[in-house]
Amino acid sequence: MIQNIASKGAKVIAIDLTEKLIEFARKNSYHDNITYIVEDATNLNLMKTFDLTTSIDSMEHIPKDRIESFFQVLKKT
């Protein structure tokens with residue numbers, strides 16, 4: 001999915017908490033327009049604004065006590 005978005009010219013930032021999954025994504029979903037970051041999405045400060053944010057297959061992995069922090073991060077972007 002992110003390769004498709006990147007191939008249309010979008011600059012994509014992909015975030016995951018684990019280096020192992022980021023490495024997997026780099027190998028299997030590489031595109032020049034994708035930047036991969038190992039980071040906690042509930043405590044993220046990219047200092048950027050975005051036209052669109054998506055959260056794919058992630059909500060069920062965020063501890064319930066961190067959901068509000070996750071929404072605050074999305075709200076800032």
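All of the numbers you see were taken from the coordinates with simple rules; none came from a lab. Small disclaimer: the values here were computed from a predicted structure and weren't measured. Backbone-built Cβ (ideal geometry, glycine too); neighbour counts: all protein chains shown.
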* Each residue of region 53-63 in order: what ³J(HN,Hα) in whole Hz does its phi give by Karplus 6.51 cos²θ - 1.76 cosθ + 1.60, θ = phi - 60°, with x for Gly and Pro? -> 10, 10, 10, 10, 6, 10, 3, 6, 9, 8, x
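Report the full-extension gain for the segment Ser7 to Ala25: residue separation times 0.36 nm, less the Cα-Cα distance, to one decimal in nm. Let's see the in-between values first.
Working: separation 18, 0.36 × 18 = 6.48 nm, distance 1.56 nm.
Length gained between Ser7 and Ala25: 4.9 nm.
Tell me, which longest segment in the chain has none of the trypsin sites (Lys or Arg not before Pro) that fall in DSSP loops with at most 14 further Cβ atoms within 10 Å? Mind showing how you got there, number by number?
On the way: sites that count: Lys8, Lys11, Lys48.
Excluding the exposed sites themselves, the longest stretch runs over 12-47.
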* **Where the Cα pairs of region 2-76 fall when distances are cut into 10 Å bins, in %** => 17, 50, 30, 2
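Using Cα pairs under 8 angstrom and six or more residues apart, how large is the relative contact order of the chain, in percent? Display every interim value, and only then the final one.
Values: 76 pairs, mean separation 22.9, N = 77.
In percent, rounded to a whole number, it is 30.
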* Cα-based reach from Lys27 at 22 Å (exclusive), listing lysines while leaving out same-chain residues under 8 positions away -> Lys8, Lys11
